[in-house]
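The values are calculated or read from the model by the stated rules, or taken from the named source; none is laboratory data. Note that this is a predicted model, so its numbers are computed, not measured. Here the Cβ is made from the backbone with ideal geometry for all residues, glycine too, and neighbour counts use every protein chain on show.
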Amino acid sequence: MRRAVLIAVPYLWLLALFLVPFLIVFKISLSDAAIARPPYFPQLEVSEGWSGLKEFFAELDWENYIFLGEDVLYYQAYLSSLKIALISTVLTLLVGYPIAYGMARAAPEWRPTLLMLIILPFWTSFLIRVYAWKGILSTEGLLNQLLMSLGIISDPLTILNTNTAVYIGIVYTYLPFMVLPIYSALEKMDDSLLEAAEDLGCSRFQAFWLVTFPMSRAGVFAGCFLVFIPALGEFVIPSLLGGSDTLMIGKVLYEEFFSNRDWPVASAVAVILLLILIVPIVLFQLNQQKQQEAEQ
Amino acid sequence: MAQTVFAPWNDPKEKPLIEFVNVTKRFGDFTAIDNLSQKIYAKEFFALLGPSGCGKTTMMRMLGGFETPTSGKILLAGQDIGAVPPNKRAVNMMFQSYALFPHISVWENIAFGLKREGMAKVKIAARVDEMLRLTRLEKFSGRKPHQISGGQRQRVALARSLAKAPKLLLLDEPLGALDKKLRQETQFELMDIQESTGTTFVIVTHDQEEAMTVASRVAVMDHGKIVQVATPDVIYEAPNSVYVADFIGDVNLIEGTAKARKTSNTTKQLAAQPIAEPEVSPKPEPSSDRKPQPNERGEWLHDKLLEPVLGKRAAVQKTVATAPISETATSVAPAPKPSDLPDGGLEIAWLDNGKPLIASNADPSLDGAKVVLALRPEKLSISTEEPDAANVLRGKVIDIAYLGNISTYYVQLETGTMVKAQIANTRRVSRRDITWEDQVWLSFRATAGVVLEQEA
Ligand SMILES: Nc1ncnc2c1ncn2[C@@H]1O[C@H](COP(=O)(O)OP(=O)(O)OP(=O)(O)O)[C@@H](O)[C@H]1O
Ligand SMILES: [Mg+2]
C-alpha cells in the first residue's frame, strides 16, 4: 500500500503538471480562433450532456496543422531554430569542456570555489544578464569601445541584433548546464587511469582521446541535451539580442500568442515543437539511464 | 646439479638492469625515499617488503616514470631515465589500484597497450587470448570492469601489464585480492612467465610467503630506506637487524649484554659467520632449477615455517625430501648436548640472573655491546624434564596456539619474559603431556639464534 502511494506520487505529478496541460494545449490546437474570451472555439459545455460532447468533438479538426504545413514561414522557423540550437550547443561544448576539464584538474581545495564561480551568475535575474549583453555588444558598447581603444578595429562591429549575438547569449546563458555535468564526470576520474594509459604507450594527447574523453562522454551528452533542449525553444535571447531576421520558433510562438492572439495556431506550433523535442529528450533519458547502470 | 646458482649480484662483472643511485624523493618536506642506492639485475624477481607507507609504491612509480627523484638518478640498462616519459619506457606497471579503463571491455583493456604499438590485428587477438587464458578470464572478456569481481579485476590488471611483454615489469601487490589457491597458481605462472620471457620483475607484496616463494632477492624497507637485501633464506636466517628479524616471520628477541667467549684458533672462522645454523643440512645446496624458483632451502623454509600458517604451496612443486629438522625440533628427548658446544662467539648476560646465553656463531667483536638475541620459535625445543643443552630456559606454559600441524607454546620465564616455541605436531598424543600452567624447559643450540646489535 505504502509502495503504491509512493509510486503514485511522481505519476500524479506528471499527470497534473505535464499531461493535463499538454492535453489542454493539444485541444486548443484543434480548435478555431474566435474573437471571444477565451479566443477559441469550441468550448466544452458540460451542462449540455452527451449531445454537447458530440458536438464539441465534431468541431475539432487538424486545420491549424494543415495551415502550418502550408506556410513556409513555420517550416523555416523550425529549421532555423534547430540550426541555431545545434550550433550554439556545439559552441557551448567547445567553451565548456576546457572549463570543466580545468576545474576537474585543479587542486582539490580550489574546486569548490571554481564551482561557486560557475553557479554565481544564477544569483542574478536571467533577464538582467541578457540585457547586460546588449550593453556590451551594441555599436557603442563596451566590447567595441575596448577593441577600438586597443586599435584592433577602426569601425565598430555590428554584433547586436544578429545571429552572432544570439549565439553569444545562448552560450553564455547555458554554459553552466554544459560545464557541470562534464565536470562531475571528469572529477570522478582517477588520475591513475591516465598514468596507466601512458604506461601502456599513450602520449598525453592520446591518453586524453582514448581515456579522458570517452569517460566524460556521458557528461558531454547530458550537457549537450541540457543546452540543446531549452535553446531550441528559446525566446528571450533571440528577441533581446537577435535581429529582425533571426527566425526562431520561440519568437514565432510568442507573436502568434500575444500579437495575433491566435491561440489555436500558437498551440499547434507548441505541440509540434514538443514532438520535435521528444526525440532528444528520450535520447537524454536513455543516456542518463545508461550512465546510472554503469555507475552501479 | 652442476648448474650455477642464479646470483648476478655476486658477480662484479654483471651489469645491473636497474640502478638507483642515491635517490631521494620528497613530497613537500616529507622524505618518502631516503638516499637509496640499489642495483637490480636482469631476470631477477626482486621483492620489496615493508610496512605500509615505507615507500614501496613510490619506488615503483619512479621506475615507471610517474615520479621524478628529488635528487639522485635511476639508470635503466646504464641510461639515466630521469627525462624519459612513461610511454617511452620499456617498463610496464601493474597499479596497486588496478587502474582499469572502466569504459572498455576486459578484452579491450588487455589489448590497449598492444594497439598503441601498432601491432597487427591478428597478432593482438592472439596475444590477448593468450593473456585471457593465462589469467583464466576467457569467460569475462566481453564484460566491463565494473561487471566482474575484485579478484577478476586484479587479474585483468595483471594480464594488461603482462601483455606487452616488457623488459621490466612492476607489480604493486599484484595478487592480494586472489584466493589462496589462485594466488599460488598465479605465483607459479609469474615465475613461468619470468622464465620463458626473461622479464625482470619488481614486485611489492605484503605477503612474506609470496616474497619467499617467488623472489630471487628480497629487500626489506623501512622509512624510505632499504634495510637489507638478500635471498629469502638469508633474510630469514640471518637478518642484519632487529627490525628485519622482527619484520620477517615470528621471532623471540632477548635483550642482554654480550661478552666474548674464549676462542681457540680453529673456531675463529666459524665465529665470523653470523648465520644461524639451521639444525640440519646447513649448506644450501644449489638448486637444480635456476633461480628465482625457490631452492631447496627456500622450499624447506616454506614448508616448515610458512605452510603451517599459510597453507600448502601449489601442487606444481616437486616434492622435497623431508628434512630431518622437524625431528630435532619435535622430539622431547634428544635435546642438543652441550658436549658438542663449539668455542667462540658470545655469551649474553641477560636480566642479570641465571646463566648467560651462549651464541657461538656470534661476532666476538660485539664484546661489551648491548645486543639482542633473535631466536626463531621453531629453533626452540620444549620438554618437561631439564635437558642437557647449551641454552636452557625454565618457564611456565601460558598459552598454546594450535595451528593444525604446528603448535605455538607461549612460555613465561621466571623473569617474566615471554618466549614463543613452535613445535610440529608429528604425533597426535605425544604433545598432550604439556599443557597450560605446566613447568617446562626450553632449550636451543648455541648456533640457533642470531646476535644483533641493539638499535638505538
Ligand atoms: N603524492 C604524494 N604526496 C605526498 N605524500 C605522498 C605522496 N605519495 C606518497 N606519499 C607518502 O610517501 C610515503 C610512501 O608512500 P608509498 O605509497 O610509497 O607507500 P607504500 O610503501 O607503497 O605503502 P603501502 O604498503 O601502504 O602501499 C607515504 O607516507 C605516503 O603518505
Ligand atoms: Mg603501495
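Tabulated data for the structure shown
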{"read-out": "Residue that is farthest from the other protein chains (Cβ to nearest Cβ), among those in segment B:98-141 that are among the β-branched types (V, I, T) and not in a helix (DSSP H, G or I)", "value": "B:T135"}
{"read-out": "In segment B:54-73, residue nearest to ligand 1 (Cβ to nearest atom) [restricted to those that are more than 16 Å from B:F95 (Cα to Cα) and out of contact with any helix residue (DSSP H, G or I) (no Cβ under 9 Å at 6 or more places or on another chain)]", "value": "B:C54"}
{"read-out": "Failed item in (1) in contact with a Leu (Cβ under 8 Å, 6 or more places away or on another chain); (2) more than 12 Å from chain B (Cβ to nearest Cβ); (3) crowded, with 20+ Cβ neighbours inside 10 Å, with A:V236 passing the rest", "value": "(3)"}
{"read-out": "Residues being in contact (Cβ under 8 Å) with a residue 60 or more places away in the chain and within 16 Å of ligand 2 (Cβ to nearest atom) - total across segment B:1-34", "value": "3"}
{"read-out": "Top-ranked residue of segment B:45-75 - restricted to ones that are away from ligand 2 (no atom under 16 Å from the Cβ) and under 25 Å from B:A99 (Cβ atoms), ranked as nearest to the other protein chains (Cβ to nearest Cβ)", "value": "B:G65"}
{"read-out": "Pairs where the first residue, in segment A:37-52, is closer than 18 Å to A:A266 by Cβ and the second is in a loop (DSSP other than H, G, I, E, B), C-beta under 8 Å, 6+ apart", "value": "A:P39/A:R261; A:P39/A:D262; A:Y40/A:S31; A:Y40/A:A34; A:F41/A:S31; A:F41/A:A34; A:P42/A:S31; A:P42/A:L60"}
{"read-out": "Of all residues in segment B:35-44 being touching a helix residue (DSSP H, G or I) at 6+ places or on another chain (Cβ under 8 Å) and within 18 Å of B:K15 (Cβ to Cβ), the one that is nearest to ligand 2 (Cβ to nearest atom)", "value": "B:E44"}
{"read-out": "Residue in segment A:262-275 that is touching a residue at least 60 places away in the same chain (Cβ under 8 Å), surrounded by fewer than 17 Cβ atoms within 10 Å (Cβ to Cβ) and more than 25 Å from A:L175 (Cβ to Cβ) present", "value": "yes"}
{"read-out": "Output for segment A:179-214, where each listed residue is within 7 Å of chain B (Cβ to nearest Cβ) and among the hydrophobic types (A, V, I, L, M, F, W, C)", "value": "A:L193, A:A196, A:L200, A:C202, A:V211"}
{"read-out": "Any pair with Cβ under 6 angstrom, 6 or more apart, that starts in segment B:49-67 at a residue that is more than 16 Å from B:K225 (Cα to Cα) and ends at one that is near ligand 1 (Cβ under 8 Å from one of its atoms)", "value": "B:E67/B:R61"}
{"read-out": "Evaluation of B:G113 against (1) within 16 Å of ligand 2 (Cβ to nearest atom); (2) surrounded by 13 or more Cβ atoms within 10 Å (Cβ to Cβ) (one fails), failing number", "value": "(1)"}
{"read-out": "Residue in segment A:245-254 that is under 26 Å from A:L93 (Cβ atoms), in contact (Cβ under 8 Å) with a residue 24 or more places away in the chain, crowded, with 22+ Cβ neighbours inside 10 Å and among the aliphatic types (A, V, I, L, M) present", "value": "yes"}
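One line per residue, one yes/no per condition, for (1) farther than 16 Å from B:R376 by Cβ; (2) at pLDDT below 90:
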{"position": "B:E209", "(1), (2)": "no, yes"}
{"position": "B:A219", "(1), (2)": "yes, no"}
{"position": "B:D222", "(1), (2)": "yes, no"}
{"position": "B:Y236", "(1), (2)": "no, no"}
{"position": "B:S241", "(1), (2)": "no, no"}
{"position": "B:A245", "(1), (2)": "no, no"}
{"position": "B:K259", "(1), (2)": "yes, yes"}
{"position": "B:A272", "(1), (2)": "yes, yes"}
